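Please treat every number below as a calculation from the coordinates, not as lab data. This is a predicted model, so every value here is computed, not measured. Positions of Cβ are backbone-derived with ideal geometry, glycine not excepted, and every protein chain shown enters the neighbour counts.
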Amino acid sequence: MRALRLTAWKSDPVLVEVPEPDPEPGQVVVRVAGAGACHSDLHLMRDFDEGSLPWGPPFTLGHENAGWVHRIGRGVTGLEPGMPVAVHGPWGCGFCSRCRLGIDTYCERPDAAPVPSGGGGLGLDGGMAEFLLVPDARFLVPLPPGLDPVTAAALTDAGLTPYHAVRRSWPKLPPGSTAVVIGVGGLGHLAVQILRATTAARVIAVDTRPKALDLALESGAHLALRSGGPDGTTAEVAARIREQTSGRGADVVLDFVGSDGTLALAAAIPRMLGDLTLVGIGGGRLDFSFFSPPYETSVQSTYWGSRPELAEVLELAAQGLLKPALTRFPLEEAMTAYRLMERGELVGRAVITPSAGEGGGA
Ligand code: NAD
Ligand code: ZN
Ligand code: ZN
């Protein structure tokens, strides 16, 4: 089968022929309907070096996957070939106290997982191939009726990550509150939709690209501000947001970029007692002192999301409350998708469809 593989740090991935995987006991092979192209893949191609992570190339990209059960290893029950499933991407050891709660994102025994990795597409082979070996059936979540697996693919990270980030701030988002989303790309446009679907907060979106701001408004943002454009510098955008909140500031600020500039904006706009949540891995730093961010702002990073949260995101989409803006690319055009993302020409999420046209059968 064909697979898009990262073969070395600081390089573009290559499309090569690899053997089809065989499921061992407890494992499942999924025919991939969709594998989302995440900006984190660009960070993998550009930013990391030998030794900067506990795992590394070679591996097949694609950590945002859904498809149909294809082959089932011995001992797996409850799954049938052809069943549509989403893959919960962080693959932990399964035994530590965090994994036992279903929060493999915080696995404390990565050395006890099959091999050190962040999951499929992150050290282990991911979904940018016709078939994906899922090392344990517990990483699969059956799709609710009415949800197609290409849409579900994007929801496993571009949906799940902002869902987790918004969900942990729900207590700070009562009616009358304001949330700010910085960076309205694959994750950010779904953050806007998730805020609208699960809270009564007023949503302000910030991006540098007019097309991203159009998508923010289509996704339900009440106001979209262009930083570094007609709405002004970061400081001027911060002033607009303060003005929009009667001087108080935003209850929750979600930064989906994570550069020095966006973190400076994020620190300038919270309301006292607010949340400042960093999701983007742009490598920027936050200046932190007693006076900035405002008193008792909680500052946190968030990482991906849990299996129960994935089930909730899929349910929201099945109810029609999330509508990811997707562009589909065949496997041989995956690099086109990444180049468009890198140049800021992509709107919403790109999903690679390795099994396009082959229908839902096993
Ligand atoms: P994307 O490229 O689809 O979207 C990024 C958006 O940010 C674009 O719309 C871009 O125009 C906008 N942007 C860039 N610079 C900006 C600036 N200075 N001010 C305002 N907007 C700006 O990326 P994505 O796939 O949505 O990922 C977003 C970030 O989240 C990436 O850094 C990615 O690696 C990271 N990520 C983190 C997690 C996690 O668990 N924490 C999970 C997935 C992705
Ligand atoms: Zn990702
Ligand atoms: Zn674990």
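Give me the net charge for the shell around Leu254: Cβ to Cβ below 15 angstrom, other residues only, Lys and Arg +1, Asp and Glu -1. Working shown, then result.
Details: positive: Arg167, Arg168, Lys172, Arg196, Arg202, Arg271; negative: Asp207, Asp251, Asp255, Asp275.
So the surrounding residues net to +2.
For Asp231, neighbours were defined as the other residues whose beta-carbon sits under 11 Å from its Cβ, and their charges (Lys and Arg +1, Asp and Glu -1) total 0. Subtracting the Cα-Cα distance of Tyr303 and Thr327 from 0.36 nm times their residue separation leaves 6.2 nm of extension gain. Along the axis of the charge dipole computed for the range 185-309 (Cβ charges of +1 for Lys and Arg, -1 for Asp and Glu, origin at the Cα centre), the listed residues Ala239, Ala205, Thr262 are led at the positive end by Ala205.
When you filter the chymotrypsin sites (Phe, Trp or Tyr not before Pro) in the range 29-133 for DSSP loop state and at most 13 other Cβ atoms inside 10 Å of their Cβ, you are left with Phe95. Dipole of the range 61-168 computed with +1 at Lys/Arg Cβ and -1 at Asp/Glu Cβ about the Cα centre; of Leu124, Leu101, Leu143, farthest Cα towards the positive end is Leu101.
Of the DSSP beta bridges with both residues in the range 205-362, give the percent that are antiparallel, rounding to the nearest 5. Spell out each step's value before the answer.
Details: 2 of 18 bridges.
Bridges in the range 205-362 that DSSP calls antiparallel: roughly 10 percent.
Projected label points at Arg285 and Leu79, each 7 Å from Cα along the beta carbon direction, are separated by 4.4 nanometres.
How big is Rg to Rh over the range 149-219, alpha-carbon atoms, Rh as the Kirkwood inverse-mean-distance radius?
Values: Rg = 11.8 Å, Rh = 12.2 Å.
Expressed as Rg/Rh, it is 0.97.
Candidate cross-link partners of Lys172 among the aspartates and glutamates, defined by an alpha-carbon separation under 18 Å and a same-chain spacing of 8 or more, comprise Asp251, Asp255, Asp275, Glu296.
Near the amide H of Ile352, within less than 5 Å, lie the amide hydrogens of Ala35, Gly36, Ala37, Phe329, all on another chain or at least 5 residues away, with H placed in the peptide plane. Per residue, the convex hull spanned by the Cα atoms of the chain amounts to 130 cubic angstrom.
If R₀ is 35 angstrom, what is the calculated FRET efficiency for the pair Phe48 and Glu243, using the beta carbon separation as r and rounding to 0.05?
Values: r = 40 Å, r/R0 = 1.15.
With a Förster radius of 35 Å, E is 0.30.
Ordering Pro81, Ala224, Ile182 by Cα displacement along the dipole of the chain toward the positive end leaves Ala224 in first place; charges were set at the Cβ atoms of Lys, Arg (+1) and Asp, Glu (-1). Each residue, Asp214 and Ala235, gets one label point 7 Å from its Cα in the Cβ direction; the gap between the two is 3.3 nm.
Taking Cα centre as origin and charging only the Cβ of basic (Lys, Arg, +1) and acidic (Asp, Glu, -1) residues, the dipole magnitude of the chain rounds to 820 debye.
Can you give the charge dipole size of the range 244-362 about its Cα centre, rounded to the nearest 20 debye, using +1 on the beta carbon of Lys and Arg and -1 on the beta carbon of Asp and Glu?
Numbers: 9 positive and 14 negative charges, 33 e Å.
In debye, rounded to 20, the range 244-362 gives about 160.
Highest GNM mean-square fluctuation among Pro210, Pro145, Pro110, for the chain modelled with Cα contacts below 10 Å: Pro145. By the count of other C-beta atoms within 10 Å, a proxy for reagent exposure, Ser298, Ser40 are ordered fewest to most as Ser298, Ser40.
When the chain is treated as a GNM with alpha-carbon contacts under 10 Å, the residue of Gly78, Gly320, Gly146 showing the greatest mean-square fluctuation is Gly78.
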